[in-house]
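Asks: I have a structure I would like to understand better, so I am pasting it below and will then ask my questions one at a time.
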Amino acid sequence: MNRFFRDAVGGPLCPQGSVVCIGAFDGLHLGHRALVGRAVAHARALGVPAVALGFEPLPREFFARGEHPPRLMLPRAKLEGLHALGCDSVGLLRFDAKLASMPAQAFVRDVLVERLSAREVWVGPGFRFGNARGGDIALLQALGAEHGFVAHSIDPVHCSDGERVSSTRIRAALVEGDFAHAAKLLGRPYAIAGHVVHGRQLGRTLGYPTANLRYGGKAPALRGIYASWVHGVTDAPWPSVSSFGTRPTVDGIEPLLEAHLFDFEGDLYGRRIEVEFVARLRDEEKFPDLPSLVAQMHRDDAQARAILIQTQQRASA
């Protein structure tokens, strides 16, 4: 059963009971995976559905003033990832003024008890919930005793070198172009997936056709030019150079991920692909004219090819 829901209030979704894990789940890093894994294991032992409960937009996006804070993962990728980790149902609740003002006690009653019939609730370290973040694990446990469920908080997850895993640390690593560090915290290489959409086709006229992915109006955690692999074209990843940003030379506005697949011929429109970032080449910049831009694209192409060849050689050594 792969169920998806958005409403905080409504009829019961799990009348036989459930085990619920709650979090932002931005990136689905090793900490998130430990939390989900605990909930799924207990749900299987109890014979009830495992439910992952998150929010869209993210609360920090809702409360942000001005430019939205960067995020690691789009909602669809989060949904697919949570189902792949074993969650039977995923709720990405609409985080709006009504939900933001809901008292912690009402959230427990309306969502965890009436909507999900929770028997266990699992949260991460430092969990807060309810209006003005007034609820914590102690309140959740006290309310659980009243309503017939037990609440648990997992300990922070650390890497083998002792570093604590967090979405904040991953965002910082991506900004610095340290993809090996980001992968260590994520448990996998950082990548962005989506369906290829039509663009202005300027790249094609310049000799660099691209497969374009939109970022859903969200703020990406990285911007610039990158050596990359594209998955989903053939069985093997395809070498590429990717640009992620607003394309200042051509007065772009919306962040767009553009991947130029080396020596590729074919139509990818509508195909779902995944762009894996390998190395950061440079910042996005505005060029005085298109010939200057094309000259830099030639240099980016050569640099990305060299990096990806070295990456393959190290992997096969």
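The values are calculated or read from the model by the stated rules, or taken from the named source; none is laboratory data. Note that the structure is predicted; figures quoted are calculated from it, not measured. As a convention, Cβ positions derive from the backbone with ideal geometry for all residues, glycine included, and neighbour counts pool all protein chains shown.
Asks: Restricting to the stretch 22-37, give me the number of residues that are buried (at least 24 other Cβ atoms within 10 Å of the Cβ) and either assigned to a helix (DSSP H, G or I) or not assigned by TED's automatic domain parsing to the domain that holds L140 (or both).
Replies: Qualifying residue count for the region: 3.
Quick grid of which residues meet (1) in a loop (DSSP other than H, G, I, E, B); (2) more than 20 Å from V157 (Cα to Cα); (3) not assigned by TED's automatic domain parsing to the domain that holds L140:
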position	(1), (2), (3)
G10	yes, yes, no
A45	no, yes, no
K78	no, no, no
L82	no, no, no
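Asks: In the stretch 95-115, which residues are assigned to a loop (DSSP other than H, G, I, E, B) and in contact with a Pro (Cβ under 8 Å, 6 or more places away or on another chain)?
Replies: Across the stretch 95-115, the qualifying residue is only F95.
Asks: Within the stretch 1-33, restricting attention to residues that are under 18 Å from the mean Cα position of the chain (by Cα) and of a type in the set (K, R), which residue is nearest to S160 (Cα to Cα)?
Replies: Result: R33.
Asks: Would you point out which residue out of T246, T210 is among the hydroxyl-bearing types (S, T, Y), surrounded by fewer than 19 Cβ atoms within 10 Å (Cβ to Cβ) and outside the structural domain of R71 (by TED's automatic domain parsing)?
Replies: Criteria check complete, one pass: T246.
Asks: With the requirement that a residue be more than 15 Å from the chain's Cα centre (by Cα) and closer than 23 Å to V111 by Cα, what does the stretch 54-90 give you?
Replies: Answer for the stretch 54-90, where residues must be more than 15 Å from the chain's Cα centre (by Cα) and closer than 23 Å to V111 by Cα: F62, F63, G86, C87, D88, S89.
Asks: State whether the residues of the stretch 130-147 include one that is surrounded by fewer than 21 Cβ atoms within 10 Å (Cβ to Cβ), of a type in the set (S, T, N, Q) and more than 30 Å from L222 (Cα to Cα).
Replies: yes
Asks: Condition check: of a type in the set (D, E, K, R) and touching a Phe, Trp or Tyr at 6+ places or on another chain (Cβ under 9 Å). Does R119 satisfy that?
Replies: Numbers: of a type in the set (D, E, K, R): yes; touching a Phe, Trp or Tyr at 6+ places or on another chain (Cβ under 9 Å): yes.
It is true that R119 is of a type in the set (D, E, K, R) and touching a Phe, Trp or Tyr at 6+ places or on another chain (Cβ under 9 Å).
Asks: Let me ask another. For the subset of the stretch 62-75 comprising residues that are out of contact with any helix residue (DSSP H, G or I) (no Cβ under 8 Å at 6 or more places or on another chain) and in contact (Cβ under 8 Å) with a residue 60 or more places away in the chain, which member is farthest from E254 (Cα to Cα)?
Replies: P75
Asks: Quick one: in the stretch 33-61, which of the residues that are of a type in the set (A, V, I, L, M) and touching a helix residue (DSSP H, G or I) at 6+ places or on another chain (Cβ under 6 Å) is nearest to P15 (Cα to Cα)?
Replies: A50
Asks: Further, regarding this structure: Go through the stretch 174-201 residue by residue and tally those that are surrounded by 16 or more Cβ atoms within 10 Å (Cβ to Cβ), of a type outside the set (K, R) and not in a loop (DSSP other than H, G, I, E, B).
Replies: 11
Asks: Residue check: is V40 part of a strand (DSSP E or B), surrounded by 19 or more Cβ atoms within 10 Å (Cβ to Cβ) and of a type outside the set (S, T, Y)? Full working, then the answer.
Replies: Values: part of a strand (DSSP E or B): no; surrounded by 19 or more Cβ atoms within 10 Å (Cβ to Cβ): yes; of a type outside the set (S, T, Y): yes.
Criteria not met by V40.
Asks: Another question, then. Conditions: (1) touching a strand residue (DSSP E or B) at 6+ places or on another chain (Cβ under 6 Å); (2) in contact (Cβ under 8 Å) with a residue 40 or more places away in the chain. E114 meets all but one. Number of the miss?
Replies: (1)
Asks: I'm trying to understand the selection: among the residues of the stretch 149-167, which are more than 18 Å from I22 (Cα to Cα) and either surrounded by 12 or more Cβ atoms within 10 Å (Cβ to Cβ) or in contact (Cβ under 8 Å) with a residue 12 or more places away in the chain (or both)?
Replies: H158, C159, E163, R164
Asks: Which residue out of I225, I192 is at pLDDT 95 or above, closer than 21 Å to D289 by Cα and of a type outside the set (S, T, Y)? Quick ask: steps written out before the conclusion?
Replies: Values: I192 fails: closer than 21 Å to D289 by Cα.
Checking each option against the conditions leaves just I225.
Asks: Look at the stretch 28-77 and say how many of its residues are under 19 Å from L174 (Cβ atoms) and basic (K, R).
Replies: Adding up the residues that qualify gives 3.
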